[in-house]
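Working notes, structure below.
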Amino acid sequence: MIVRSITNLKLFKVLDEGTNEMFYGCNQEWYGTDWQRRSGCGPSVASNIVFYLKNNKTILDVEQNVNTKNKCVSFMEEVWEHVTPTNEGIPTTKMFYDHVVAYTKSKGLNVKYGFCDVPEDKLLRPKLSKILDFLEEALIKDSPIAFLNLSNGDEKNLEPWHWVTIISLQFTENKKSAFIKILDEGLIKNINLELWYNTTTLGGGFVYLLNTTS
């Protein structure tokens, strides 16, 4: 199996100072309102990715700079103001990267993006090997990947109509079998990407961002 991963998973560690619990990445359940908690997966993933791009090359001693839940929630609220869900959430990759790029630009952070859509029509979908090439390219460039899952198919470890953050990829050399690790609900979860690809009825898509700020 070939394995690709972001280089600094520890950067996603989030400490709840009230309970001393440790989480990985942002959790939409931490938002303040019921609507945000129900629709906030896209902004939460955007928060994960932008935080990583901003800090991966600046925080040297991660163990001494663990992010706290309170700081994380404050950042999530800031991102929400730009990456704001509609009544349908953020149902397309274009809506996601347009909003995230607008946010980063407002903060003086220059980013470029790549995307790979998986249409509802199976005849129009890229081959699994092409998707793996896309994910591998992003992870080699040390970018976490936003994954839009509109239908989870037979993969029970995914929620439908939901954004999550991909942090690693494992696949066979023939690119017929693949697994990913994602951040969701403050946890690291394992996903059978081949199973999702073969059984999703609505598809979804993937987005990565690169920090090009000099």
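Data overview
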{"item": "Asp142, sole failed condition from (1) part of a loop (DSSP other than H, G, I, E, B); (2) in contact with an Asp or Glu (Cβ under 7 Å, 6 or more places away or on another chain); (3) closer than 20 Å to Lys10 by Cβ", "result": "(2)"}
{"item": "Strands (runs of 3 or more DSSP E) contained entirely in the stretch 153-214, each with at least 1 residues that are of a type in the set (A, V, I, L, M) and surrounded by fewer than 20 Cβ atoms within 10 Å (Cβ to Cβ)", "result": "187-192, 204-211"}
{"item": "Count of residues meeting criterion [closer than 22 Å to Leu150 by Cα and without any contact (Cβ under 8 Å) to a residue 12 or more places away in the chain] in the stretch 64-87", "result": "2"}
{"item": "Members of the stretch 1-51 found to be within 20 Å of Tyr208 (Cα to Cα), among the aromatic types (Phe, Trp, Tyr) and out of contact with any helix residue (DSSP H, G or I) (no Cβ under 6 Å at 6 or more places or on another chain), listed by number", "result": "Phe12, Phe51"}
{"item": "Residues of the stretch 8-38 classified as at pLDDT 95 or above, closer than 25 Å to Asn192 by Cα and assigned to a loop (DSSP other than H, G, I, E, B), total", "result": "3"}
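Table: residues versus (1) at pLDDT 95 or above; (2) of a type in the set (Ser, Thr, Tyr); (3) touching a Leu at 6+ places or on another chain (Cβ under 7 Å); (4) under 25 Å from Glu88 (Cβ atoms).
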position: Ala146; (1), (2), (3), (4): yes, no, no, yes
position: Glu155; (1), (2), (3), (4): yes, no, yes, yes
position: Trp161; (1), (2), (3), (4): yes, no, yes, yes
position: Thr165; (1), (2), (3), (4): yes, yes, yes, yes
position: Lys176; (1), (2), (3), (4): no, no, no, no
position: Asp184; (1), (2), (3), (4): yes, no, no, yes
position: Ile188; (1), (2), (3), (4): yes, no, no, no
position: Leu195; (1), (2), (3), (4): yes, no, no, no
position: Thr201; (1), (2), (3), (4): yes, yes, no, yes
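The values are calculated or read from the model by the stated rules, or taken from the named source; none is laboratory data. Nothing here was measured: the structure is a model prediction, and the numbers come from that model. Heads up, the Cβs are rebuilt from the backbone with ideal geometry, glycines too, and the neighbour counts pull from every protein chain shown.
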